[in-house]
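Notes to accompany the following structure.
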Amino acid sequence: MTEARQLVELIQTTLRESSQELPVFHTVAVKLQQLLASRTFEIDDVIELISEDQSLSGRVLRVANSSYYAGLSKIATIKDAIVRLGAQEIANMAMLASQFEYYNSSNDVLNRLMQELWGHALSCAVGAKWLTRRGGYPGMAAEAFMGGLMHDIGKLALLKVLDDILRDGQTEVELTEPLIGGIMEAMHEEVGYALMKGWNFPEFYCEIAGRHHAREFDQNNILLVAVRLANLTCRRLGRSHHPRDPSILLSELPETRFLGLSESALVELEIVIEDADGICVG
């Protein structure tokens with residue numbers, strides 16, 4: 001058995017035993033998504049949940065006042081943020097603000113990959129949100145942002161498992177970027193889907209995590225289409241752990257045709273994704 005195969009089996013064993021314990025989701029942020037999915041909530045319910053973690057509340061307000069979201073006046077309270085931006089946007093901010101802290105490792109190789117993955121997730125979220133609005137589906141914009149942010153959660157889970165394996169001295173295999181990259185590409189959709197299901201995310205988020213690379217996909221699933229196109233645009237621009245790939249012709253993609261985007265719209269999409277760093281979460 002090759003070292004790579006042994007490592008994959010070790011990862012699979014670890015996932016079976018402790019997938020719900022991996023530090024990839026903030027409990028309050030997940031509860032907020034579940035609350036909003038129920039469609040039976042009051043503003044006070046959202047405020048109460050976020051207030052369970054004062055640190056998270058502060059980070060949400062920093063995100064709300066970043067250049068990406070800020071309006072003419074400063075947002076001073078969570079209630080102000082909800083009234084101005086809406087409950088789903090605030091739940092997304094809570095997930096965004098809390099996710100940032102999980103993308104780090106004491107291992108240089110894993111940490112570099114996690115930082116690249118974070119930049120990719122953020123860029124994909126911004127791109128997917130823009131696409132739903134530009135494509136004529138503004139009511140789906142908040143969900144598209146969350147779908148883009150979480151589409152590669154399987155990759156983060158795999159990196160966290162590898163981090164644990166290294167820390168516990170369970171393998172002597174040298175973790176090179178090509179080896180890790182191959183493992184992530186092969187496993188991340190299945191792992192991401194299972195992880196989202198296990199945490200009871202709405203099915204459309206699970207579908208995005210599990211099928212954003214699938215050859216066959218439902219072109220009527222607007223959220224999936226938007227995330228797929230944002231993801232491919234990130235790949236084209238090098239906003240991922242892959243090198244820049246100008247061979248990806250956005251104008252020829254079925255996702256582009258389905259959303260009815262022009263060449264000028266695709267140029268604007270690239271600019272939007274390049275400017276995604278305007279969201280301050282640190």
Could you please let me know if Arg239 is buried (at least 22 other Cβ atoms within 10 Å of the Cβ), modelled with pLDDT under 95, within 17 Å of the chain's Cα centre (by Cα) and not β-branched (Val, Ile, Thr)? yes
Residue satisfying condition, being of a type outside the set (Gly, Ala, Ser), closer than 26 Å to Leu35 by Cα and assigned to a helix (DSSP H, G or I), within set Val272, Val225, Val267: Val225
Looking for something charged (D, E, K, R), open to solvent by 10 Å² or more (accessible area, probe 1.4 Å) and in contact with a Ser or Thr (Cβ under 7 Å, 6 or more places away or on another chain) - is there at least one such residue anywhere in region 159-167? yes
With respect to the numbered conditions (1) modelled with pLDDT of 95 or more; (2) within 23 Å of His213 (Cα to Cα), which one is the sole condition not fulfilled by Gly136? (2)
Only one of Glu203, Glu207 is over 22 Å from Arg112 (Cβ atoms), open to solvent by 50 Å² or more (accessible area, probe 1.4 Å) and free of Cβ contacts under 8 Å to residues at least 12 places away in the same chain; which? Glu203
I'd like the residue in region 257-281 that is β-branched (Val, Ile, Thr) and under 21 Å from the mean Cα position of the chain (by Cα) and, out of all such residues, is modelled with the lowest pLDDT. Val281
Does at least one position in region 212-220 carry a residue that is closer than 17 Å to Pro23 by Cβ and modelled with pLDDT under 95? no
Can you run down the residue pairs with Cβ atoms below 6 Å, 6 or more apart or on separate chains, where the first is in region 43-72 and more than 15 Å from Val28 (Cβ to Cβ) and the partner is of a type outside the set (Lys, Arg) and open to solvent by 30 Å² or more (accessible area, probe 1.4 Å)? Ser66/Cys280
Subset of region 193-214 (residues that are more than 14 Å from Met146 (Cα to Cα), in a helix (DSSP H, G or I) and not hydrophobic (A, V, I, L, M, F, W, C)): Tyr193, Lys197, Gly198, Gly210, Arg211
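The values are calculated or read from the model by the stated rules, or taken from the named source; none is laboratory data. Just so it is clear, the structure is predicted and the values come from calculations on it, not from any experiment. Reconstructed Cβ throughout: ideal geometry from the backbone, glycine too, with neighbour counts over all protein chains shown. Ligands, DNA and RNA are excluded from the accessible area calculation, which covers all protein heavy atoms including side chains. Shrake-Rupley method; radii C 1.70, N 1.55, O 1.52, S 1.80 Å.
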